[in-house]
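See below for the structure under consideration.
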Amino acid sequence: MIFSAFRLYIYTFVFFVITLIFFIAGIYLDVSVNGTLEEQNSELASQRMDNLVKDLLSNFDKVIEHADILQRYIEDNPKVTNAELKNFVELNLLPKDLSAFFNADAKDFIIGYMIAPNDSFFIVSDEPPENFTQLNFSDKTTEFYLDLARRNPRDVIVHGPIVSPRTHEINIFNRKAVYVEGKYWGYVGVIVDFYKLLDCMNLNSEKGRFVYSIKAYLNKEERDFIWGDSTLFKHRDLVYRQRSVFFGKHRWDLALKVRNAGKAAELGNKVYFILFLFYLLALILVFYLFKYFSELKNSKEVDPITLTIGHDKFLKLVKDKINGNADHGVVVLELIHFNQINSCYDFTIGDKLLCEVTRRIKNVVSYNDLICRVGSQFIVLMQNIRSNVDVDRVQSELYDEMEKNFNIDEVSINLKAVIGSSSTISKGRSYNEIMNEISESILETKKSMKFFSRTTDLSQNE
């Protein structure tokens with residue numbers, strides 16, 4: 001009872017230790033995996049943001065370049081007519097670069113040009129007129145950007161993005177004031193298709209490794225235009241990046257994140273699942289290890305076949321008893337040619353035969369006598385005997401029991417046995433001397449018996 005309670009305590013303690021180890025390992029791996037992914041995503045997001053800003057500024061440089069070309073042409077030709085301006089644009093600026101057919105970095109986002117001598121504009125473009133947003137140049141927003149362009153003649157003023165109410169096209173109007181001989185001539189502008197600009201920058205809110213968002217001011221600073229995932233501006237952690245870019249006087253806010261930024265949690269769940277499987281495997285392995293060592297220990301204390309006392313435990317008990325004050329007897333019963341029984345039949349028959357021999361021995365000896373089996377040999381410690389007569393009586397009755405046939409699974413076996421005995425009365429308190437006397441007695445008995453040859457007297461009746 002005490003041993004069972006102690007074993008339950010050990011099992012509970014081991015279960016707690018294994019659970020704690022895997023719990024700590026799970027937390028450590030989860031933190032490590034998340035930390036590694038966040039660091040990796042942070043580096044990717046930072047690098048991508050740098051490239052995005054460079055691409056955007058590079059594309060805007062293309063807009064500035066085209067606006068400067070128009071400005072210089074007008075300054076060099078102050079008497080130029082609208083028809084000549086239109087012809088210049090169509091011949092020099094509208095034709096696409098041949099590199100557009102050979103690489104993905106083509107600057108084809110410029111779709112038209114605005115020319116406004118004395119602020120009266122006309123548009124030169126290959127695109128249909130309805131693709132452009134209809135501007136009311138008398139509204140306050142237009143006046144604001146025109147005034148901004150006049151006061152900053154060296155800058156290209158960004159006006160947009162502007163959403164067309166009819167076609168839902170999004171265009172960006174870039175204006176630059178032109179001064180001829182110190183006098184205001186008007187302005188020129190470059191029209192940019194917003195979505196083509198995004199394509200040139202390899203941006204796509206549905207595909208790719210990153211998710212993007214762009215915020216820009218529409219009417220002065222009254223309202224924001226947002227493209228992409230607007231929620232990106234609500235987060236500030238390692239896997240998100242935000243940056244502001246200024247085009248002259250105009251500000252754009254950029255935000256992005258790695259698309260798989262939320263995959264760390266999914267990967268963490270997979271790690272937990274794998275750890276849980278290893279946890280179950282560890283529990284099963286520890287359970288069977290405990291079971292194996294427990295059975296190994298029990299096998300030393302209890303014979304698994306006959307359920308008699310194990311030899312190591314029996315030997316200790318016998319030595320302790322012999323060294324006491326009471327007298328004890330030792331009886332040894334050895335089965336002759338028992339291995340041939342296992343060979344002729346099988347081990348199942350042999351095991352059952354050993355159990356039957358044990359039962360017959362228990363029927364002869366006292367209930368408090370100790371029985372041990374070692375191979376085909378049985379050792380009996382008779383406790384608290386009064387004389388050697390008690391030992392002789394048990395030895396004689398055991399011979400009688402062994403002479404009876406054993407019927408095991410419809411097999412009749414005539415088993416031969418040799419029995420020897422001794423006691424503390426005749427040999428004193430030395431266990432070795434007692435066993436030596438018994439061994440000599442058994443050996444002499446074997447030599448005197450006619451069946452001491454290699455043959456055995458086994459008969460089978462089925």
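The values are calculated or read from the model by the stated rules, or taken from the named source; none is laboratory data. Remember, it's a predicted structure, so these values are computed and weren't measured experimentally. Quick reminder, even Gly has a Cβ in these numbers, built from the backbone with ideal geometry, and neighbours come from all protein chains shown. Side chains included, ligands, DNA and RNA excluded: accessible areas come from the protein's heavy atoms. Shrake-Rupley method; radii C 1.70, N 1.55, O 1.52, S 1.80 Å.
Overview of results
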| quantity | calculated |
| --- | --- |
| Residue-count net charge about Leu52 - beta-carbon cut-off 11 Å; Lys, Arg +1, Asp, Glu -1 | +2 |
| Percent accessible area from carbon and sulfur atoms, the range 312-462, protein chains only, probe 1.4 Å | 45 |
| Counted charge near Ile111, where neighbours are those whose Cβ lies closer than 10 Å (Asp, Glu -1; Lys, Arg +1) | -4 |
| Out-of-range pairs (alpha-carbon distance over 32 Å; input Lys291/Lys362; Lys362/Lys447; Lys86/Lys215; Lys183/Lys215) | Lys86/Lys215; Lys183/Lys215 |
| Ordering of 76-84, 407-415, 56-64 by burial proxy (mean other Cβ atoms within 10 Å per residue, highest first) | 56-64, 407-415, 76-84 |
| Local electrostatic count at Tyr73 - Lys and Arg +1, Asp and Glu -1, tallied over other residues with Cβ under 14 Å | -2 |
| Ranked by how many other beta carbons lie within 10 Å on average, peptides 441-448, 47-54, 184-191 from highest | 184-191, 47-54, 441-448 |
| Sequence ranges 393-399, 427-433, ranked by mean other-Cβ count within 10 angstrom, highest first | 393-399, 427-433 |
| Ile226 accessible area, assembled protein chains, probe 1.4 Å, Å² | 80 |
